[in-house]
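The values are calculated or read from the model by the stated rules, or taken from the named source; none is laboratory data. Since this is a predicted model, take the numbers as computed values, not measurements. Neighbour counts run over all protein chains shown; Cβ positions are idealised from the backbone, glycine included.
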Ligand code: URA
C-alpha cells in the first residue's frame, strides 16, 4: 500500500475522531484495507483514542487482534420496511419440545430465495432453558457447512465473550435473524429477514431468556423493529417481548475493529448485571 501524505493522514484521523465522538463507530459498508486503517490510526494522538473504564479489568479477548481478518461489513441494514414482531405467545411448558415443533414447522424451507444457496439451515443452538440468548445476523460459510450458528472466526470470539461472562456456550442459546446464509455474506434483505425472523421470535418465546444480546445492527433492527444507529441503542437495557435486550457490536465487526472490544465488554457487563453474574477471576 502506498503511504498516505501525513497531512491527509491527520485530517482522516481527525474525521474518524469526529465520527467516534458522535457515537458513529460502525459506518463502514465495505471492508477497509487494514493497513490503511492502521496508518490513519497511527496519526491519531494516543490521548484521543476510545476511552476505557479503568475500574473494570478486560478479559483476554479484548486485547486479541487478528489483522488478517476482514469480512464484509454488515452493520447497516438497507432502508426498507421492517415487519412488526408478532404478539408474544404464552410461555411454553416444555421449551425443548416447543423448539422441536418450530424446527418441524420450518421444514425444508423455501420461503425466501436464500434457500437456493443453502447447504444447511442454521436453526439455533444451545440450552432450551437458557437465561441468556445471543442473536446474530445470519450464517456464514462455516455455519452453512455445519448447520450451527457462530462456529467460524466470529464464533470463536463469541465463545471467548461468553466464557468471559463466566458462562459456557452450552448454557446460552444462539440464533440468527435469518437461518440460511446470504450470498457472499451480504446483509439479509428486509423481505428475507421479515420472512425468517418470526421463527426466531417463536424460538425466543419458547426459551423466554431473561436477557437477549443483539449482536450488531441487523439483529438490533429486526428485534426492536426500529432502525437506529447502533450508537443510539447500545449502553442501555431495552425491554422486549418480556426479556431485557442489550445491543452490542457483532463479533465480526470486533475482529475488524478490535478497539471497540472494550465497548462490547462494557455492553456484556450490562447483561451480566441484569443476570446477576460476576466475571470469573482471571488466571495470571
Ligand atoms: N455471523 C452471524 O451473524 N451469525 C453466525 O451464525 C455466524 C456469523
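Number of residues in segment 114-141 that are surrounded by fewer than 17 Cβ atoms within 10 Å (Cβ to Cβ) and within 23 Å of the chain's Cα centre (by Cα): the value is 6. Put simply, of 145, 193, 154, 175 the only residue that is under 14 Å from residue 222 (Cβ atoms), assigned to a helix (DSSP H, G or I) and within 13 Å of the ligand (Cβ to nearest atom) is 193.
Screening the candidates 206, 252, 219 for the property of being within 16 Å of the ligand (Cβ to nearest atom), closer than 19 Å to residue 125 by Cβ, assigned to a helix (DSSP H, G or I) and out of contact with any strand residue (DSSP E or B) (no Cβ under 6 Å at 6 or more places or on another chain) yields one hit, 252.
The set of residues in segment 98-142 being part of a helix (DSSP H, G or I) and either within 16 Å of the ligand (Cβ to nearest atom) or over 21 Å from residue 212 (Cα atoms) (or both) consists of 101, 104, 105, 106, 113, 114, 115, 116, 117, 141, 142. Among the residues making up segment 136-184, those that are without any contact (Cβ under 8 Å) to a residue 40 or more places away in the chain and under 21 Å from residue 118 (Cβ atoms) are 142, 143, 144, 145, 146, 147, 148, 149, 151, 152. Looking for something modelled with pLDDT of 55 or more, assigned to a loop (DSSP other than H, G, I, E, B) and outside the structural domain of residue 147 (by TED's automatic domain parsing) - is there at least one such residue anywhere in segment 61-75? Scanning segment 61-75, I find at least one residue that is modelled with pLDDT of 55 or more, assigned to a loop (DSSP other than H, G, I, E, B) and outside the structural domain of residue 147 (by TED's automatic domain parsing), so the answer is yes.
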